[in-house]
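For reference, the structure is listed below as structure tokens.
Since every read-out is calculated from the coordinates, none of them should be taken as a lab result. All values reported here derive from a predicted model rather than from experimental measurement. Note: ideal-geometry Cβ built from the backbone for every residue, glycine included; neighbour counts use all protein chains shown.
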Amino acid sequence: MKLLMCPPTYYGIEYEINPWMSRSQQSNPREAGAQWDGLRRLLQEQLAIDLQLIESQPGLPDMVFTANGGLVWDHKFIVSNFRYEVRRGEAAHFEEWFRNWGFNVTRLPPEMYFEGEGDLLKCGDTWFAGYHIRSDIIAHQNIAEIIEQEILSLELTNDWYYHLDTCFCPLRQGQALFYPPAFDSYARKVLEDNIPRLIAVPDDEAARFACNAIVAGDSIVMNDG
């Protein structure tokens, strides 16, 4: 398993684009760095994950959330079109990194908002894509054609859970965690119809980002607290 990480050199709350963010409550750079390094060591040393690094950039504090940079599939990379202008500068750096590593890079039409693997996840053989808050449903057909896979669209309705990976976590074929209040009723039915063992996460655990986890084989890395 391979993962891309970005050090939190320039991480901070420089703007507010989701309800969790407040410029009046800044992050602690030293603590953020220690937490990031702890995660890196856990992934490399305990789970033997092959980690690659992309250089952080000034003025782009959210580059640390590398899943949002685009979609990787079959040596293809689809670059994200970020909804908020404050994050759009990230795209060129992710595009350059993947081009340099020999990936076939594709850009969607600029009017199609798509925020990478933050809003597109695979459970077993089935792809699920979130839309409404950050990504647009009109992008799903284009992405499906590029990766030659069917995609099931899920509407997200809770601004606190703005990306699919904040409220849905595939574990293995036919099994996933999810936070029901983050989805509309039709999206919940789509999940229930396609994932036999769907585990609902309670409010308090969802608020601690239980679904925003890293799954590596039989191991799962979750937020502490």
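If you filter region 82-122 down to residues that are part of a strand (DSSP E or B) and touching a Lys or Arg at 6+ places or on another chain (Cβ under 8 Å), you find that the one that is farthest from Tyr15 (Cα to Cα) is Asn104. Here Asp165 fits the description: within 13 Å of the chain's Cα centre (by Cα) and not hydrophobic (A, V, I, L, M, F, W, C). In region 146-159, the count of residues that are without any contact (Cβ under 8 Å) to a residue 12 or more places away in the chain and part of a loop (DSSP other than H, G, I, E, B) is one or more. Condition check: under 15 Å from Trp127 (Cα atoms) and crowded, with 17+ Cβ neighbours inside 10 Å. Does Ala210 satisfy that? For Ala210, the condition - under 15 Å from Trp127 (Cα atoms) and crowded, with 17+ Cβ neighbours inside 10 Å - is not met.
The set of residues from region 44-63 being surrounded by 15 or more Cβ atoms within 10 Å (Cβ to Cβ), over 17 Å from the mean Cα position of the chain (by Cα) and assigned to a helix (DSSP H, G or I) is empty. For Arg30, all conditions in the list (1) in contact (Cβ under 8 Å) with a residue 60 or more places away in the chain; (2) among the charged types (D, E, K, R); (3) not in a loop (DSSP other than H, G, I, E, B) hold save one; what is the number of the exception? Result: Arg30 passes all but (1).
Looking only at region 94-114, decide whether some residue is within 22 Å of Ile214 (Cβ to Cβ), of a type in the set (D, E, K, R) and either surrounded by 14 or more Cβ atoms within 10 Å (Cβ to Cβ) or in contact (Cβ under 8 Å) with a residue 12 or more places away in the chain (or both). No; the residues of region 94-114 include none that is within 22 Å of Ile214 (Cβ to Cβ), of a type in the set (D, E, K, R) and either surrounded by 14 or more Cβ atoms within 10 Å (Cβ to Cβ) or in contact (Cβ under 8 Å) with a residue 12 or more places away in the chain (or both). Which one of these does Ser135 not meet: (1) buried (at least 18 other Cβ atoms within 10 Å of the Cβ); (2) among the polar types (S, T, N, Q); (3) without any contact (Cβ under 8 Å) to a residue 40 or more places away in the chain? Among (1) buried (at least 18 other Cβ atoms within 10 Å of the Cβ); (2) among the polar types (S, T, N, Q); (3) without any contact (Cβ under 8 Å) to a residue 40 or more places away in the chain, Ser135 violates only (3).
Looking only at region 64-81, filter to residues that are assigned to a loop (DSSP other than H, G, I, E, B) and not acidic (Asp, Glu); which one of those is surrounded by the most Cβ atoms within 10 Å (Cβ to Cβ)? Here the answer is Ser80.
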